[in-house]
1. Enter the accessible area per residue of the chain (Å², integer; probe 1.4 Å; all protein chains in place).
2. Just the ratio, please: alpha-carbon radius of gyration of the stretch 8-71 over 2.2 N^0.38 Å, N its number of residues.
3. Compute from the Cα atoms of the stretch 1-141 the Rg and the Dmax, the latter being the longest Cα-Cα distance, and quote both in angstrom.
4. Within straight cross-link reach of Lys106, meaning Cα distance under 14 Å, which aspartates and glutamates are found once same-chain residues fewer than 8 apart are removed?
5. Return the subset of Lys32/Lys60; Lys58/Lys254; Lys82/Lys108; Lys96/Lys212; Lys62/Lys245; Lys32/Lys189 for which the Cα-Cα distance in this structure is over 18 Å, preserving the input order.
6. Sum -39500 (n - 2.57) across every DSSP H segment of at least 4 residues in the chain, then divide by the residue count to get the 222 nm mean residue ellipticity, nearest 500.
7. What translational diffusion coefficient, in µm²/s and rounded to a whole number, does the Stokes-Einstein relation yield for the stretch 160-300 at 20 °C and a viscosity of 1.002 mPa s, taking the hydrodynamic radius as the Kirkwood radius over Cα pairs?
8. Given a 1.4 angstrom probe, I'd like the percentage of the accessible area of the chain that is carbon and sulfur, rounded to a whole number.
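The values are calculated or read from the model by the stated rules, or taken from the named source; none is laboratory data. From a predicted model like this one, the values you see are computed outputs, not experimental measurements. Backbone-built Cβ (ideal geometry, glycine too); neighbour counts: all protein chains shown. Note: areas computed on protein heavy atoms with side chains; ligands, DNA, RNA excluded. Shrake-Rupley method; radii C 1.70, N 1.55, O 1.52, S 1.80 Å.
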Amino acid sequence: MNIITELFMLLAIIIYSYLEALVRLFIPVKRKAVSGEIVLITGAGHGIGRLTAYEFAKHKSKLVLWDINKHGIEETAAKCRKLGASTHAFVVDCSKKEEIYSMIDKIKKEVGDVTIVVNNAGAVYPADLLSTKDEEITKTFEVNILGHFWIIKALLPPMMKKNHGHIITVASICGHGVIPYLIPYCSSKFAAVGFHRALTSELAAMGKNGIKTSCLCPVFVNTGFTKNPSTRLWPVLETDDVVRKLMDGILTDKKMIFVPSYLNLCLVLEKFLPERALAAINRVQNIQFEAVVSYKHKKN
C-alpha cells in the first residue's frame, strides 16, 4: 500500500472517529459488570480510595485494600463488608518495592489474581523547591509513580495470559499543567499520565485489547492532603463527585477521565495560547493553598 492510499485511509478513520464520538454523546455507553472481579485499591484508607472501595463493594467485587494507615484501612474494610463485599485489608507502604512484591505474592496465594487495580496511593508536600526536603522529593516519586511500575509489573502477567483486566491510574490535572509550590507532585503526575499513555499504547501493540486502561485527572479535590485549596476558575471538588465520575469511566472503559469533563477542552485550547496569555490566565485563576515557602508556613 502506497503512502497516498494510507493517508486517505487515515483521513477516513479520523472523520469516522469524530462521527462516532458525536453519536456517543446521545447514545448511552454500555456499562460492564465487575461483580466477582478481584479489585486491588491502593490508598484505600481515605478519600478517593475509600469511596472507590465502597463503590466496588456495591457492585459485589472482591476487594483487596491497601493503605499505610492501619486504622483507616480497617474502617474502609469494615464498611465494605457491611455492603456485602468479600474484603481483604493490608497495611502496605507503596514506596517500598520489596514490600509490594511480597504482598502481591501473598494475595495471589490467598485471594487470587487481581483483575482490576486502582493505583490511587499518593504523596504531596506543598512547598517551594528549596524548602522541599530531599526525602520528600524521593517519597513523592516512590509513591506517585515508581509504585505504579512495581505493582503493574507484578500484576500484569496473569492479565496478559487471560487478556483480561483493567488498570486505573489516579493522576491529576497537575499531570497536564503546572502549579507553583508543587514541583515534585506535578512532575510525578506528569510521569503517571505518561505511564498510563505508554502502557495503553504498549498493550495495544501486543494485541492485548482485553486489558483496559483508565487515567483519572481531577482538579483540586477536598481530601485534606492539600490544605485550604481555592481557585477562581475551577471548582474545588468533593470526593464523592470525583468517585462517581471515576466509576462511570471505569465501567465504560474510558481512557482519560477529566473532572470536570470540560478540562479536556481547556487543555487543548491552552496549547494554542501565547505564553503571555497563559501567564494572564494563571493570575486570574489565583490558585491558593497552604504551602511552605522559604521555610515559613503561608498561603501560596
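1. Values: 16330 Å² over 300 residues.
I get 54 Å² per residue for this part.
2. Values: Rg = 18.8 Å, N = 64, 2.2 N^0.38 = 10.7 Å.
Here the Cα radius of gyration is 1.76 times the empirical estimate.
3. Computed over the Cα atoms of the stretch 1-141, radius of gyration and Dmax are 21.2, 63 Å.
4. Glu98
5. Lys58/Lys254; Lys82/Lys108; Lys96/Lys212; Lys62/Lys245; Lys32/Lys189
6. Working: 10 runs with 140 residues, N = 300.
Computed ellipticity for the chain at 222 nm equals -15000 deg cm²/dmol.
7. Values: Rh = 16.6 Å.
Here the translational diffusion coefficient equals 129 µm²/s.
8. Looking at the chain in its full context, I get 59 percent from C and S.
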